Amino acid sequence: KKEIHVTRQLSTMNPFRFIGDLLHLLSILILLRKIYFQKKSKGISLKTVQLYAIVFLTRYLDLFVFFISFYNTTMKLFYISATLFTWYLIRYKYPDAETLKHDSFRLPWAIIPCFILAFIFNDEFSFVEITWSFSIYLEAIAILPQIFVIWRTKEVESFTGDYIVTLGLYRVFYILNWVYRVYQGTNYINWFVWVAGIVQTLLYADFFYYYFISKWYGQDIILPA
């Protein structure tokens, strides 16, 4: 129903969500800058980018149904177009053979379970709501191929680290946004979204540790053997 989407998206803006949106935007810009200006995609998982493209394309189907706000529409179109452009650059313009060799995560292992969960746990049994729920579950684990790549290669360039951390911090601020909304008495309760968001954040925790330790000591990001 339209009411679900309008209520979900109009009533949730607050400083934490806004900062989260900016961090998400920044993570994409960092990635594009690395690939486009350095003319290489070393260390970047094509499969994580593919998963995020699927996330955005399934989450933002409501673009064809109703208008929320100029800000909302602009951000959605940017996420979709920038992610597809990033995929094009990695896949066709600046592919890195060594990284692609290590980028061996099997996408069906992520996609199929998320579809099953979306059919079971959703706000409403309708096409738009099921695809939206699917995107929530898929986003929670979309970073896994990227994590596999960096742990297999043990190499993390500065831009790659910045990209992963800003992407993780975006989710941290979204969790703070949920806490803020509950504190404000908005009666916002959506357990499957909360659980997916917490799982997503925990997947970044290990990398956060090594990233901030390296920044503290002014060293390159070093992962344990």
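The values are calculated or read from the model by the stated rules, or taken from the named source; none is laboratory data. Since this is a predicted model, take the numbers as computed values, not measurements. No Cβ is skipped: glycine too gets one built from the backbone with ideal geometry, and neighbour counts run over all protein chains shown. Side chains are part of the model used for accessible areas, which takes the heavy atoms of the whole protein and leaves out ligands, DNA and RNA. Shrake-Rupley method; radii C 1.70, N 1.55, O 1.52, S 1.80 Å.
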For this session: Identify the residue in the range 59-79 that is surrounded by 20 or more Cβ atoms within 10 Å (Cβ to Cβ) and under 14 Å from the mean Cα position of the chain (by Cα) and, among all such residues, is modelled with the highest pLDDT.
Result: Tyr79
Seminar exercise, completed: Residues of the range 114-159 being of a type in the set (Gly, Ala, Ser) and under 20 Å from Val195 (Cα atoms), in sequence order, are Ala118, Ser133, Ser135, Ala140, Ala142
For this session: With respect to Tyr88, determine if the residue is open to solvent by 40 Å² or more (accessible area, probe 1.4 Å) and not hydrophobic (A, V, I, L, M, F, W, C).
Result: yes
Exercise. Would the range 52-73 turn up any residue that is in contact with a helix residue (DSSP H, G or I) (Cβ under 8 Å, 6 or more places away or on another chain), farther than 18 Å from Ser135 by Cα and small (Gly, Ala, Ser)?
Worked result: yes
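More than 21 Å from Val149 (Cβ to Cβ), at pLDDT 95 or above and open to solvent by 20 Å² or more (accessible area, probe 1.4 Å): does that describe Leu29? Quick ask: steps written out before the conclusion?
Details: more than 21 Å from Val149 (Cβ to Cβ): no; at pLDDT 95 or above: yes; open to solvent by 20 Å² or more (accessible area, probe 1.4 Å): yes.
Here the answer is no, as Leu29 does not meet what is asked.
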For this session: Would you mind listing the helices (runs of 4 or more DSSP H) fully within the range 97-157 where at least 2 residues are under 30 Å from Asp62 (Cβ atoms) and over 18 Å from the mean Cα position of the chain (by Cα)?
Result: 108-120, 127-141
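Each row is one residue, and each column tells you yes or no for (1) among the aromatic types (Phe, Trp, Tyr); (2) crowded, with 21+ Cβ neighbours inside 10 Å.
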site	(1), (2)
Lys154	no, no
Thr160	no, yes
Phe212	yes, no
Trp216	yes, no
For this session: Give the number of residues within the range 108-119 that are surrounded by 15 or more Cβ atoms within 10 Å (Cβ to Cβ) and out of contact with any Phe, Trp or Tyr (no Cβ under 7 Å at 6 or more places or on another chain).
Result: 2
